[in-house]
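The values are calculated or read from the model by the stated rules, or taken from the named source; none is laboratory data. Note that the structure is predicted; figures quoted are calculated from it, not measured. Here the Cβ positions follow ideal geometry from the backbone for every residue, glycine too, while neighbour counts run over all protein chains shown.
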Amino acid sequence: MIHTIESFRPVREFLLKSGRKLVFTNGCFDIIHRGHLEYLNEAKSLGHKLLVGINSDTSVKQLKGADRPVNNELDRAFVIDNLKTVDYVIIFNDETPYNLIKSVKPDILVKGGDWKPDKIVGSDIVIENGGEVKSLSFIDNYSTSAIVKKIIASSSNER
């Protein structure tokens, strides 16, 4: 189920009361590839439940340019929500997930290995609340941008 911050509040309260650790990560997740799946599996292994924040179409355009996203936010959220590793999904409109992190206060905040923990957006909030911030393994040679470039190059060669 794709949540809003409001619909997720009771879920978060239940997790807190039951002592279950909530892991949070975020991203565009425009074209799903092995790197994403390895990363999400590792994220889930750190806690009991995994919440993924999905950048809205507007925020993807701000981050990646006018030609992105390839898939719209509802389709991207649907795909992520249907991965067995992922428990909850929230689409956020801001350029960063700072306000979402501030609202849900995850126990563990993670990003890919190309992020240093002290540079991860929202790390201050999670640490203030006694949580952990981690950089996960980085899987070389897997990126959505590289896939998009390959598709464009391939279609150019066919002309």
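Restricting to segment 106-141, and then to whatever is among the hydroxyl-bearing types (Ser, Thr, Tyr) and crowded, with 16+ Cβ neighbours inside 10 Å, can you tell me which residue is farthest from the chain's Cα centre (by Cα)? Out of the qualifying residues, it is 123. Among the residues examined, residue 35 qualifies as in contact with a Phe, Trp or Tyr (Cβ under 6 Å, 6 or more places away or on another chain) and in a helix (DSSP H, G or I). Among residues of segment 48-64 that are under 16 Å from residue 96 (Cβ atoms), those with a beta-carbon under 8 Å from a residue that is among the small types (Gly, Ala, Ser) and part of a strand (DSSP E or B) at least six positions away or on a different chain give the pairs 52/27; 53/27; 54/27; 55/27.
Inside segment 1-60, residues that are crowded, with 18+ Cβ neighbours inside 10 Å and basic (Lys, Arg) make up a count of 3.
In segment 68-90, the count of residues that are among the aromatic types (Phe, Trp, Tyr), at negative phi and at pLDDT 95 or above is one or more.
Here 114, 124, 57 are screened, and the one residue that is out of contact with any Lys or Arg (no Cβ under 8 Å at 6 or more places or on another chain) and under 18 Å from residue 38 (Cα atoms) is 114.
Applying the criterion of being in contact with a His (Cβ under 9 Å, 6 or more places away or on another chain) and buried (at least 21 other Cβ atoms within 10 Å of the Cβ) to the residues of segment 81-105, the residue that is farthest from residue 58 (Cα to Cα) is 88. Being β-branched (Val, Ile, Thr), under 20 Å from residue 123 (Cβ atoms) and modelled with pLDDT of 95 or more is the requirement here; does residue 25 meet it? Yes: the conditions hold for residue 25.
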